[in-house]
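Notes to accompany the following structure.
The values are calculated or read from the model by the stated rules, or taken from the named source; none is laboratory data. All figures in this text were calculated on a predicted structure; none of them were measured in a lab. Cβ placement follows ideal geometry from the backbone for every residue including glycine, while neighbour counts extend to all protein chains displayed. Heavy atoms of the whole protein, side chains included, go into the accessibility calculation; ligands, DNA and RNA do not. Shrake-Rupley method; radii C 1.70, N 1.55, O 1.52, S 1.80 Å.
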Amino acid sequence: MSTVAPNSDTARSSDWAFKQLFKLESKCRSPTPALQVEAIGEFPKLLDQFPFPTLVSSAFLKLGDLFRSSPNSLRYHIAQVFGASQQHLAQITQTEELLKRILVVLYSNDPIARVLALRLIGNASLIFAKFPEAQHSILLRYQSSHPLEIVAAVQTTESMLSYSPEFLEVVWETVLSKADDPDVLDSVR
């Protein structure tokens, strides 16, 4: 399925765009992993072609739902879409609802899932940086014993600071204590 609209004005309507979004969603729910990955990869093209706020919000909420319920292999691709579509993030109207869907994964027992959630939050720092829930969740990840999770927390912190410099006041002591902790691997420091 191509997400490129035919050239007629009728085809460029929001109805056509939403039909394409629903087709992508159906492919994302396919039992075939290759189809799921392909569909996830088509989201940025659709958003570039039809940057309507309602479509953008709907698409990212669908991706949030998928992120919450998918295996890590798909979560990786969804986090990449958030990075590739950063120019559309400001159009999301239900940011808090989207954050809730991501935080479910960040509080899971799977450290790789938490790393992927941190990466997604970092990719979407533009919209999540001001939320105390996001900041607090990142701070909690510094307590992890999993080195990849600590690295992801640091990278997400860096991204968040670009959009919320006051977050530095909150995270500074935590970062310093991790840097001085002899139990933390040198590669993590």
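The simple Förster model, with R0 at 45 Å and r as the Cβ-Cβ distance, assigns residue 143 and residue 49 a FRET efficiency of 0.60.
For the stretch 85-98, the Karplus equation 6.51 cos²θ - 1.76 cosθ + 1.60, evaluated at θ = phi - 60°, returns couplings of 10, 4, 5, 9, 4, 5, 7, 5, 8, 10, 4, 5, 5, 5 Hz by residue, with Gly and Pro reported as x.
Subtracting the Cα-Cα distance of residue 65 and residue 172 from their residue separation scaled by 0.36 nm leaves 35.3 nm. Given the stretch 58-115, what whole percent of its Cα pairs are spread farther than 13 Å? When every Cα pair of the stretch 58-115 is considered, 58 percent fall beyond 13 Å. The reciprocal of the average 1/r between distinct C-alpha atoms defines the Kirkwood hydrodynamic radius, which for the chain equals 17.3 Å. Here the stretch 89-164 yields Rg over Rh of 0.94, to two decimals, using C-alpha coordinates and the Kirkwood radius.
With a Förster radius of 22 Å applied to the C-beta separation of residue 162 and residue 133, the computed FRET efficiency comes to 0.75. Can you tell which of 161, 151, 56 lies farthest toward the positive end of the dipole of the chain, using +1 and -1 charges on the Cβ of basic and acidic side chains (Lys, Arg; Asp, Glu)? Towards the positive end, the residue furthest out is 56.
Sort 114, 119 by heavy-atom solvent-accessible area, probe 1.4 angstrom, most to least.
Values: 114 35, 119 90 Å².
The residues order as 119, 114, largest area first.
Look at where the Cα atoms of the stretch 114-169 and of the stretch 59-90 average out, and the two centres are 16 Å apart. Go ahead and run the numbers for FRET between residue 110 and residue 29, Cβ-Cβ distance against an R0 of 25 Å, rounding to 0.05. It comes out at approximately 0.75.
Taking amide hydrogens as placed 1.01 Å from N in the peptide plane, the amide H of residue 50 sits under 5 Å from that of no residue at least 5 positions away in sequence or on another chain.
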